[in-house]
1. Mind listing whichever residues of the range B:42-81 are farther than 21 Å from B:Ile23 by Cα and either within 8 Å of DNA strand D (Cβ to nearest atom) or among the aliphatic types (A, V, I, L, M) (or both)?
2. Out of the range A:9-66, which residues are assigned to a helix (DSSP H, G or I), within 14 Å of chain B (Cβ to nearest Cβ), open to solvent by 50 Å² or more (accessible area, probe 1.4 Å) and among the polar types (S, T, N, Q)?
3. Do we find that A:Ile30 is outside the structural domain of A:Arg103 (by TED's automatic domain parsing) and more than 9 Å from DNA strand D (Cβ to nearest atom) in this structure?
4. Please specify each residue of the range B:67-114 satisfying the condition of being away from every other protein chain (no Cβ under 14 Å), more than 14 Å from DNA strand C (Cβ to nearest atom) and farther than 20 Å from B:Ser37 by Cα.
5. Name, by its number, the condition in (1) among the basic types (Lys, Arg); (2) more than 29 Å from B:Lys102 (Cα to Cα); (3) touching a Leu at 6+ places or on another chain (Cβ under 9 Å) that does not hold for B:Arg79.
6. How many residues are farther than 16 Å from B:Ala85 by Cβ and touching a Leu at 6+ places or on another chain (Cβ under 6 Å) if we restrict to the range B:1-44?
7. Does the range B:82-91 contain any residue that is within 10 Å of DNA strand D (Cβ to nearest atom), of a type in the set (Ser, Thr, Tyr) and within 21 Å of the chain's Cα centre (by Cα)?
Protein chains: 2
Amino acid sequence: MNLEEAKAQFIQSWGILGSQWGINRTMAQIHSLLLVSAKPLTTEDIMEQLSVSRGNTNMNVRELIDWGLVDKVIIPGERKEYFSAEKDIWKVATLIMYQRKKRELDPMVKVLNQLSTVDGDKKNEDVKAFVDTVTNIKKFAGQAEKTLDTIIKAEENWFWGSFIKLFK
Amino acid sequence: MNLEEAKAQFIQSWGILGSQWGINRTMAQIHSLLLVSAKPLTTEDIMEQLSVSRGNTNMNVRELIDWGLVDKVIIPGERKEYFSAEKDIWKVATLIMYQRKKRELDPMVKVLNQLSTVDGDKKNEDVKAFVDTVTNIKKFAGQAEKTLDTIIKAEENWFWGSFIKLFK
DNA sequence: AATAAGTTTCACAAATTATTGAAAGTTAGA
DNA sequence: TCTAACTTTCAATAATTTGTGAAACTTATT
């Protein structure tokens, strides 16, 4: 397999994976294109290599920058903006976990807390089932949150070292 | 807040969360409806409570059963099928992790392995960048796989006990 | 200030995904 | 075996999400 084929397949697969995780295909594809490029690319490079419009490229690059997965790079003497992706996969994973925690777990915890105030006969079977379930999810979410925070703050070496050993 | 309101809000929120994770809204809503119901429900109950068609209900219930999140329950003397959800959140999380690993991580690893066979000048900058990135993702995916396997096999108590303490 | 290079926005179009509902298929019991 | 209760399928349709591209906007340079 030559480089171009391999890149194309990687971009394709990464795009599919992304879309299964609620990230749009183009965003994932731009990310993977930047991941496998040795040098920073311009908006035009991206447009050309992925056959995607300028507007779409711009929006998704902006989103990637928002997530911290991509950086603007300024090349001295050039007017154009260049973009490059964080290549350290551990950092990438960490950034994604952080973003998703912030955008999804945190709001869910907020809702769960409001739901605790459900009133009614505590002996009623339905009320009991509901309160039980919500309480359990809240506990789980709380632990998940703590665990994520720790992982996010952890150094890569720590993860690859003691953490993995623990799971052998 | 009364029970009905609380249930409705829970179902709504769970549905949104699901859709951010590539699970369709109705499937997530049916799951949450069953999660907070004291007793098993029939297809008709679900249709009525979520205002969803028979076909849609059937398809999504089947998918939930497929994932192992919902069970058919047969009530003696009744012809209808009843459905109930696994209420233990740790088990729910475990089942979901397992399904997603199987459906997404495993295929990605397969692709990554194929991509290792990229040929070309190993001193070429682009080839190097590509091989580097793919190799790193492969390593990461391998470790993630191991970790997930261990978590999936682990007992709840083990998780809530030593695992969490480690992260304090 | 004028110009040109570069970036962003947004109404509309295209593509994708979910839902409906009626018809076909099953199954338990008479 | 027949039939009525119940479940499943799937082609058509609706809803949602994503992408386009030209116009508006911004900024650097002369």
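1. Let us first name the residues in the range B:42-81 that are farther than 21 Å from B:Ile23 by Cα, namely B:42, B:44-45, B:48, B:73-81.
Those that are farther than 21 Å from B:Ile23 by Cα and either within 8 Å of DNA strand D (Cβ to nearest atom) or among the aliphatic types (A, V, I, L, M) (or both): B:Thr42, B:Glu44, B:Val73, B:Ile74, B:Ile75, B:Glu78, B:Arg79, B:Lys80, B:Glu81.
2. A:Gln9, A:Gln12, A:Ser19, A:Gln20, A:Gln49
3. On the way: outside the structural domain of A:Arg103 (by TED's automatic domain parsing): yes; more than 9 Å from DNA strand D (Cβ to nearest atom): yes.
Yes; evaluated as a whole, the condition is true for this residue.
4. B:Tyr98
5. So the condition that B:Arg79 fails would be (3).
6. 1
7. The first filter runs over the range B:82-91 and keeps only residues within 10 Å of DNA strand D (Cβ to nearest atom), leaving B:82-83.
Retained after the next criterion (residues that are of a type in the set (Ser, Thr, Tyr)): B:82.
Still in the list and also within 21 Å of the chain's Cα centre (by Cα): none.
No; the residues of the range B:82-91 include none that is within 10 Å of DNA strand D (Cβ to nearest atom), of a type in the set (Ser, Thr, Tyr) and within 21 Å of the chain's Cα centre (by Cα).
The values are calculated or read from the model by the stated rules, or taken from the named source; none is laboratory data. As the structure is a computational prediction, the values presented were derived from the model and not from experiment. Cβ atoms come from the backbone with ideal geometry, glycine included; neighbour counts cover every protein chain shown. For the accessible areas, the whole protein counts, side chains as well, though only heavy atoms, and no ligand, DNA or RNA atoms are used. Shrake-Rupley method; radii C 1.70, N 1.55, O 1.52, S 1.80 Å.
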